[in-house]
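Enquirer: The following block contains the structure, expressed as structure tokens.
No lab work stands behind these numbers, since they all come straight from the coordinates. What you see is a predicted model, and the numbers here were worked out from it, not measured in a lab.
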Amino acid sequence: MVKEIHIPNGVRANNVDMEYFESNPKPANLDAHSTLARTFIEHHAEQNRRVALVTSGGTTVPLENQTVRFIDNFSAGTRGATSAEYFLESGTNCFLDYMMFNDAGTVVINTKYQHQMGDVLAKYTKARKENALLLLPFTTVNEYLWYLRELAMLMQPLGPKSLFYLAAAVSDFFVPAERMVEHKIQSSEEFHVRQPNGTTGQPPAAHMEGKQLLIDLDPVPKFLKLLVDRWAPQSMIISFKLETDPSILAEKARSALKKYSHHLVIGNLLNTRKWEVVFVSADGGEKWLRVPAGRRTKSVSGLLPDTPSTEESREPAVEIESWIVPEIEKLQTEWIGHGEQR
Ligand code: PAZ
């Protein structure tokens, strides 16, 4: 039986949301991608399937409208991409492991991995053919926020069958459109112009003073709060927390949960993120997942002939996402079962 699905037309506005979205431009491709997403979500909703929104990669903060310079947040995109593979039940390794350069400098598939790569390709092709995967690109933090809001609203009819798995590394600070200069900021003093912003005349967020580039960024609005409270109130929401100081990781994860009241924060450290993560849940629970070390790789120390290999010079024996994703699936099954609403 085909259920009747109603997806709201466009995004419902409210004052808190509007402040940001009224003053920062809508991405050029948003409407086209929204149409694709709507079709995708309706297709899966009709079949009563779960839909996961996996965010992946870093966001950038452009300093100029015609962007030459930008600030980036670190993320190789591996967590999101690999997790998406496991959500699609592909159960494979990262395909980059299967590639190599040949003598002519061309990227080819390592003959040793032809078989596995064939598997990945077949599974990817199947996912695309079955319409199980929709890829939507974003680069800037502004694009990220617009897309997140739009997709969350489109996913609302799925209720608890929608999952937000927020693995992207999103900028905490940004240049608001009203303080963004149009042209490339000039470093040499003879070309210094204090570019007023075209529309508001507000002082620019980035400008030269003498030989120094001064940048004055605004905080990015607390979008997780808006997601939890307004855009996706019935969805299961998992966020990631990246830190470099191990002594504050769990505390920061707990604090995020307290602030935003979502389901789970997965904490990880920059240097060990492929080996271990900590699940911090709303009931105060703290659970570490640690995968064993596998084969050795060429780490910096490993390249030196007599340096003993360290734990860091080994690849994890399994992709940690192959442990994370089934845990999330279990949690979501419980969430759907409870039929709770926050
Ligand atoms: O993309 P990647 O595999 O290199 O890294 C993943 C990660 C560390 C960006 C991700 O697991 C994460 O923690 N994302 C949230 C970052 C944040 O605190 O905003």
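Enquirer: Cα to Cα, under 19 Å, and not fewer than 8 places away if on the same chain: which aspartates and glutamates meet these conditions relative to LYS252?
Expert: ASP172, GLU243, GLU276, ASP283, GLU286
Enquirer: Using amide H atoms built 1.01 Å from N in the peptide plane, name the residues 5+ places from PHE174, or on other chains, whose amide H lies under 5 Å from its own.
Expert: Counting only residues 5 or more places away or on other chains, the set is ASP218, VAL220.
Enquirer: Just to check I understand the Karplus step: with θ = phi - 60° and J = 6.51 cos²θ - 1.76 cosθ + 1.60, what whole-Hz values come out for the stretch 103-108, glycine and proline as x?
Expert: 4, 7, x, 8, 6, 9
Enquirer: I've got another one for you. Checking the a/c ratio against 1.5 first, then a/b against b/c, what shape does the Cα gyration tensor give for the stretch 60-166?
Expert: oblate
Enquirer: Which entries of LYS26/LYS184; LYS222/LYS259; LYS222/LYS274 show an alpha-carbon separation above 18 angstrom in the structure shown?
Expert: Listed pairs above 18 Å: LYS26/LYS184; LYS222/LYS274.
Enquirer: Here's something else I'd like to know. Pull up all non-local amide H partners of THR140: gap of 5 or more, or a different chain, and H-to-H distance under 5 Å with H placed in the peptide plane.
Expert: Distant-sequence amide H within range of THR140: THR60.
Enquirer: Same structure again: Please list the non-local residues whose amide H lies under 5 Å from the amide H of GLN186, H modeled 1.01 Å from N, same-chain partners needing a gap of 5 or more.
Expert: For GLN186, whose amide H was placed from the backbone, the distant partners under 5 Å are VAL193.
Enquirer: Fully extended, how many nm does the chain gain between GLU130 and PHE173 (0.36 nm per residue separation, minus their Cα-Cα distance)?
Expert: 11.6 nm
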